[in-house]
1. Over the chain, with every protein chain in place, what whole percent of the accessible area is carbon and sulfur at 1.4 Å, could you tell me?
2. Could you derive backbone 3J(HN,Hα) for the stretch 25-35 from the dihedral phi with the Karplus parameters 6.51, -1.76 and 1.60 (θ = phi - 60°), listing whole Hz in sequence and x where the residue is Gly or Pro?
3. Which distance in nm do the two modelled labels at Lys15 and Arg65 give, with both placed 7 Å along the Cα-to-Cβ direction?
4. Relative contact order for the chain: what is it in percent, counting Cα pairs under 8 Å that are at least 6 residues apart?
5. Tell me the per residue accessible area of the chain using a 1.4 Å probe; a whole number in Å² is fine.
6. Check the straight Cα-Cα distances from Lys60 and name the lysines below 19 Å, setting aside those fewer than 8 residues away within the same chain.
7. Would you report the distance distribution of C-alpha pairs in the chain as whole percents per 5 angstrom bin, up to the bin with the largest distance?
Amino acid sequence: MRSQIYPNAMPLTPKDRLSDAQISSAIASISGWTYQSAKQQIEKNFVRENFLGCTAFIQKIAAVRSEEHT
């Protein structure tokens, strides 16, 4: 995925990765985010009142993503 977004980026090495403790510490002060070390991913659940609210939220994300890669 990274190579698709940044095709000219240098390859990552194990030294480039933050430790589980560094990641957990960094997101501890950010409300709602968690780190799943077994999956090596951070995540946050977003709750909306209804389907239309969910759809509007996804459209906002898509618009930002589109602007970043045009």
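The values are calculated or read from the model by the stated rules, or taken from the named source; none is laboratory data. On a predicted model such as this, the values are computed, not experimentally measured, just so you know. Backbone-built Cβ (ideal geometry, glycine too); neighbour counts: all protein chains shown. Each accessible area value is taken on the protein alone, full model and side chains, heavy atoms only, with ligands, DNA and RNA left out. Shrake-Rupley method; radii C 1.70, N 1.55, O 1.52, S 1.80 Å.
1. Numbers: 3680 of 6410 Å².
Ligands and nucleic acids excluded, carbon and sulfur reach 57 percent.
2. Coupling constants for the stretch 25-35: 5, 5, 8, 4, 8, 9, 4, x, 8, 10, 10 Hz.
3. 3.4 nm
4. Relative CO of the chain lands at 13 percent.
5. Numbers: 6410 Å² over 70 residues.
Here the residues of the chain average 92 Å² of exposed surface.
6. Within the straight-line cut-off, Lys60 pairs with Lys44.
7. Final binned percentages: 3, 12, 14, 16, 19, 21, 11, 4, 1.
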